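Structure, as structure tokens:
The values are calculated or read from the model by the stated rules, or taken from the named source; none is laboratory data. A quick note: this is a predicted structure, and the numbers were derived from the prediction, not measured. Counting neighbours? That spans all protein chains shown, and the Cβs are built from the backbone with ideal geometry, glycine included.
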Amino acid sequence: MRRVYMDANATTPLLPEVMEAMRPYWMEHFGNASSIHQHGQQARTAVDRARETMARFFNCHDAEVVFNSGGTEGDNTAIFGLLHPGDHFITTSIEHSAILEAAKRLARRGVETTFVAPQPSGLIDPTDILRVIRPETRLVSVMLANNETGVLQPVEEIGRIAADTGVFFHIDAVQGAGKVEFDVRRIGCHLFSISAHKMHGPKGVGVLYVRRGTPLVAQIVGGGQEHGLRSGTENLAGVAGLARALELAQELEKDPRQVQVVLDESRSVIRAVGGVLITETRHGFICANSAAPNRPRVCSVSGTRQTMKSLSRSS
């Protein structure tokens, strides 16, 4: 029986092209990017080239790209690096645990968090964000795309609210980066987090975008790498793989029909399983068994526990 992997929001397989981009930095080009000799300068060139790719894709400055270990570190750095006792934090009740667990720890440090609930459609209403902002609010954090429903949040509107009220805005873009267009200048965020392994890159590497002038306090200190915001020798092969994965994702987005064909075929196969509902956003609610296109690359499925176990075992 041929098995089909259908859990790409959890992780994705490494593409052969990404592996080939990484290979030289495990073997012959193994230098430390902080070293001044030839091996080190070759490594520095590779890191700088990867940083330029990130900046070009997200429409930001090279110096605003901070390489790290992935989405969880990026989320934690954005939150713990900006918030202090007495501050007020706003996020949503449907965020990744990297945000929600951080909020729990903040409570023990004297930072109050307001959790905004989504509408029945899965969308966060920007006016709900505006309604709970107060003088001591310092940071708002909202995910770009939900990993379960595929719903894209109105981050541009929330960005405008943040700008108008003078609060910092962080986006967990792990599920959206490389899959939807993401322009930090248009959105107006101060920080966002991405992870390579969600877009056919390697595990253990990601990026935190930090807008110039954002008073972020480094959470990992040492040699002062990554503009002093994330110490530690750069994961050379990882950042090369991340950059290549992002380039390939851009190529795929030029022809979204290919993604839609695969998504439609997947829905057809899943509908043949009894007791399974495919959900989508329609008329303001999350509805079931509709053939209408869903959010990019996400097929949201629900059913009984036994049915879902059977489906996962057969996929």
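Before moving on, here are some points about what is shown:
- Options A55, A63, A117, A103; residue that is in contact (Cβ under 8 Å) with a residue 60 or more places away in the chain and in the same structural domain as V132 (by TED's automatic domain parsing): A63
- Checking A218, A163, A237 one by one, the residue that is in contact with a helix residue (DSSP H, G or I) (Cβ under 6 Å, 6 or more places away or on another chain), over 16 Å from T91 (Cβ atoms) and modelled with pLDDT of 95 or more is A237 and no other.
- Remark: pairs (first residue in segment 228-243, in contact (Cβ under 8 Å) with a residue 60 or more places away in the chain; second residue hydroxyl-bearing (S, T, Y); Cβ separation under 7 Å; 6+ apart in sequence or on different chains) = T233/S34; L236/Y25; A237/Y25; A240/Y25; A243/T53.
- Identity of the residue in segment 80-99, touching a Phe, Trp or Tyr at 6+ places or on another chain (Cβ under 7 Å) and aliphatic (A, V, I, L, M), that ends up farthest from G176 (Cα to Cα): L83
- Of all residues in segment 9-32 being buried (at least 16 other Cβ atoms within 10 Å of the Cβ) and hydrophobic (A, V, I, L, M, F, W, C), the one that is nearest to E247 (Cα to Cα): V18
- Of residues in segment 84-127 being among the β-branched types (V, I, T) and more than 22 Å from the chain's Cα centre (by Cα), the one nearest to F168 (Cα to Cα): V111
- Number of the exception - K198 against (1) closer than 30 Å to M22 by Cβ; (2) assigned to a loop (DSSP other than H, G, I, E, B); (3) of a type in the set (K, R): (2)
- Meets criteria (at pLDDT 95 or above, surrounded by fewer than 18 Cβ atoms within 10 Å (Cβ to Cβ) and under 22 Å from R230 (Cβ atoms)) for S141: no
- S34 meets all of the listed conditions (1) closer than 19 Å to F169 by Cα; (2) in contact (Cβ under 8 Å) with a residue 12 or more places away in the chain but one, namely (1).
- Residue in segment 242-254 that is at pLDDT 95 or above, touching a strand residue (DSSP E or B) at 6+ places or on another chain (Cβ under 8 Å), under 23 Å from S34 (Cβ atoms) and surrounded by 19 or more Cβ atoms within 10 Å (Cβ to Cβ) present: yes
- There is at least one residue in segment 42-57 that is over 29 Å from P215 (Cβ atoms) and either in contact with a Gly (Cβ under 7 Å, 6 or more places away or on another chain) or not in a helix (DSSP H, G or I) (or both).
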